[in-house]
Amino acid sequence: MTIAVFLVPLLGAMAIGMPIAYALLLCGAALMVHLDLFDAQVIAQNVINGADSFPLMAVPFFMLAGEIMNTGGLSRRIVTFALTLVGHVKGGLGYVAILAATILASLSGSAVADAAALAALLVPMMVAAGHDKARSGGLIAAAGIIAPIIPPSIGFIIFGVAANVSITKLFLAGIVPGVLLALGLCVAWWYVVRQETIAPPPRRPLKEMVRAFFDAFWALVLPGIIIFGLKLGVFTPTEAAVVAAVYSLVVALFVYREMTVADLYAVFATAAKTTAVVMFLVAAAMVSSWLITVADLPGELTDLLEPLMGSPMLLMFAIMALVVVIGTAMDMTPTILILTPVLMPVIKQAGIDPVYFGVLFIINNAIGLITPPVGTVLNVVCGVSRISMEDIIKGVWPFMVAQLLVLLLLILFPSLVTVPAAWFAG
């Protein structure tokens with residue numbers, strides 16, 4: 001009954017178009033009435049406490065860093081560098097998209113920002129080269145969701161705060177799975193274009209490759225600064241976000257000089273609007289999170305999953321299947337905020353490593369960003385590239401299947417996550 005009282009107002013409010021943050025507040029209030037605990041002051045207190053978090057300060061700075069990179073020319077230079085490396089092979093522009101997306105993922109942590117930048121730059125080039133437009137857009141959308149996996153990741157920050165798990169460990173554990181997702185896309189792209197007769201452009205001369213490397217050098221340095229800074233304990237994830245934002249700003253203003261002081265207002269305003277949406281969601285979700293604990297919903301879920309508790313792998317299969325279904329109807333951030341407080345007690349009771357679960361959970365939620373009809377990244381690429389939703393769904397499915405297979409591989413072989421994570425952290 002308690003689960004129904006939680007879900008019915010939430011899903012009903014979403015069905016009539018209410019913003020998810022308000023839907024979370026509504027289902028929280030419904031739970032309070034059901035438990036005879038309604039108190040407006042408690043709601044206000046939890047909303048304030050939800051946003052009052054030092055680790056969450058990383059979110060606006062990573063958002064700002066992503067906006068600066070797109071405006072200041074860092075993203076474009078990374079694409080150009082990738083083009084000189086692999087643009088000459090068959091289907092080379094697809095590999096350029098995957099490589100550029102992987103590098104950009106290590107800079108901003110925002111799937112939407114990365115996908116929008118890559119779609120604007122590469123879809124016209126891929127269409128001009130003779131590739132199918134919908135397939136090109138689908139590849140870029142799928143490549144864009146690597147951003148929440150490779151550090152720095154906004155998804156890991158939100159999960160780490162909600163689950164009380166080390167964000168630094170999550171960051172370091174996401175490196176190898178993120179690379180595996182990129183390799184999975186490469187295999188899928190090779191399979192898709194193997195029958196094409198498009199002639200690839202000639203190999204770029206070594207001199208041009210070196211020039212492109214040095215042109216992108218200042219952008220390529222940033223991932224190393226963040227990863228080694230986290231590994232060596234020089235700064236926390238929140239401090240890493242500040243480093244990323246300041247570094248990007250200095251490079252954009254004084255090194256590449258593609259951004260002027262006059263551009264700062266628009267960049268800061270865009271980052272602030274995006275941050276406000278995320279932070280309000282987090283704050284509203286804290287009301288539901290507190291009530292989930294009070295109502296002992298994790299206990300009820302544990303009872304339902306009792307037959308699977310003895311087999312961590314089967315339990316992971318069941319949870320991941322549930323998240324895939326939810327991802328078709330709900331965006332990444334609210335899914336994390338709603339499911340994390342419910343699932344974490346179950347995960348701990350089953351003896352599953354919370355960091356390992358967090359990586360797979362975020363990968364699953366990231367795939368949800370390209371599942372119709374709600375897939376945010378899919379909609380962004382549609383808008384930027386002027387592709388219909390019907391067409392891009394046909395274009396994205398081979399790459400989405402490849403990423404789901406990588407997720408399956410990580411469930412079957414947990415050491416692919418845990419062993420590299422221990423090495424990076426150690």
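The values are calculated or read from the model by the stated rules, or taken from the named source; none is laboratory data. Note that the structure is predicted; figures quoted are calculated from it, not measured. Using ideal geometry, Cβ is built from the backbone for each residue, glycine included, and neighbour counts are taken over all protein chains shown.
Against the condition part of a helix (DSSP H, G or I), modelled with pLDDT under 90 and not small (Gly, Ala, Ser), how does residue 208 come out, does it pass? Yes. Sub-6 Å Cβ pairs linking a first residue in the range 372-391 that is touching a residue at least 12 places away in the same chain (Cβ under 8 Å) and among the basic types (Lys, Arg) to a second residue that is surrounded by fewer than 21 Cβ atoms within 10 Å (Cβ to Cβ) and outside any helix (DSSP H, G or I), at least 6 apart or interchain, number zero. The listed residues are 51, 58, 21, and the only one of them that is assigned by TED's automatic domain parsing to the domain that holds residue 132, surrounded by 20 or more Cβ atoms within 10 Å (Cβ to Cβ) and at pLDDT below 80 turns out to be 58. For the range 107-118, the criterion of being touching a residue at least 12 places away in the same chain (Cβ under 8 Å), over 15 Å from residue 380 (Cβ atoms) and under 18 Å from the mean Cα position of the chain (by Cα) is met by at least one residue. Between 58, 65, 44, which is aliphatic (A, V, I, L, M), under 19 Å from residue 159 (Cβ atoms) and assigned to a helix (DSSP H, G or I)? When all the criteria are applied, what remains is 58.
Taken across the range 72-79, residues that are surrounded by fewer than 18 Cβ atoms within 10 Å (Cβ to Cβ) and either out of contact with any Phe, Trp or Tyr (no Cβ under 6 Å at 6 or more places or on another chain) or over 29 Å from residue 362 (Cβ atoms) (or both) do not occur at all.
State whether one or more residues within the range 192-205 are surrounded by fewer than 18 Cβ atoms within 10 Å (Cβ to Cβ) and either in a helix (DSSP H, G or I) or not assigned by TED's automatic domain parsing to the domain that holds residue 100 (or both). Checked against the condition, which is being surrounded by fewer than 18 Cβ atoms within 10 Å (Cβ to Cβ) and either in a helix (DSSP H, G or I) or not assigned by TED's automatic domain parsing to the domain that holds residue 100 (or both), the range 192-205 yields no hits at all.
Taken over the range 302-360, residues that are touching a residue at least 12 places away in the same chain (Cβ under 8 Å) and among the acidic types (Asp, Glu) amount to 2.
Residues that are in contact (Cβ under 8 Å) with a residue 40 or more places away in the chain, out of contact with any Pro (no Cβ under 7 Å at 6 or more places or on another chain) and crowded, with 24+ Cβ neighbours inside 10 Å do not occur anywhere in the range 35-42. Among residues of the range 405-423 that are in the same structural domain as residue 188 (by TED's automatic domain parsing) and farther than 12 Å from residue 181 by Cα, those with a beta-carbon under 7 Å from a residue that is of a type in the set (Gly, Ala, Ser) and surrounded by 14 or more Cβ atoms within 10 Å (Cβ to Cβ) at least six positions away or on a different chain give the pairs 417/173; 421/173. For the range 6-18, enumerate the residues that are in a helix (DSSP H, G or I) and either modelled with pLDDT of 75 or more or surrounded by 17 or more Cβ atoms within 10 Å (Cβ to Cβ) (or both). 6, 8, 9, 10, 12, 13, 14 - these are the residues of the range 6-18 that are in a helix (DSSP H, G or I) and either modelled with pLDDT of 75 or more or surrounded by 17 or more Cβ atoms within 10 Å (Cβ to Cβ) (or both).
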